[in-house]
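Working notes for the structure below.
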């Protein structure tokens, strides 16, 4: 596998709608940067967040990804999301992605957030997946932390396969295909 360059990413975004909206070059004027970089694309977090309500279940009750109690979470729409200490929120990308069949992505959190103890987790965007990505943002601090909507949150690297995959995400009818909302776990 090899990483695609900014030239390829720009062409695929403009000619094939791989990234919408697409930001040419890195935007930095007083914001956490986003946009096209040498071998990747720094995407933004939108202003919709799924945050934890006050605990309804007993604190010893485990979180079960096979059975998430959605009443424990509320949706908020805000320009600045404050994440409680040692907690997490879910958000979604501003950008809508359409990944080609012969490409897979890897995502890394922005160093600006990482250096502040805020970690970002996004699973790979599989071949033929499309949608707004749901992002897990974890505050490892003992104090609340801020996330800024419509600013950079993570960088996506595009990796070329040697040939198109036999079975893509779309082929297997993946449960997160074409998502447009902040999406909790599904089974």
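Observations on the structure shown:
- Two-decimal Rg/Rh across the range 140-187, once Rg and the Kirkwood Rh are taken from alpha-carbon atoms: 1.10
- Kirkwood-based shape ratio for the range 35-122, expressed as Rg/Rh from alpha carbons: 1.01
- Calculated over the range 128-167, the projected area of the Cα convex hull averaged across directions stands at 4.8 nm².
- Volume per residue of the convex hull around the Cα atoms, evaluated for the range 99-138, comes out as 59 Å³.
- Exposure proxy ranking, count of Cβ atoms within 10 Å, fewest first, for 43, 97: 97, 43
- For the chain, averaging the sequence separation of C-alpha pairs within contact (under 8 Å, six or more residues apart) and dividing by the residue count gives a relative contact order of 28 percent.
- Label-point separation, residue 8 to residue 20 (7 Å along Cα→Cβ), nm: 2.3
- Quarter of Cα convex hull surface for the range 1-56, i.e. mean projection, nm²: 6.7
- Cα Rg over Rh - the chain, Kirkwood: 0.98
- Tilt relative to the chain, helix 6-16 - C-alpha long axis, 0 to 90 degrees, to 10: 90
Coordinate-derived values only; no laboratory data. Because the structure is predicted, anything quoted here is derived from the model rather than measured. Neighbour counts run over all protein chains shown; Cβ positions are idealised from the backbone, glycine included.
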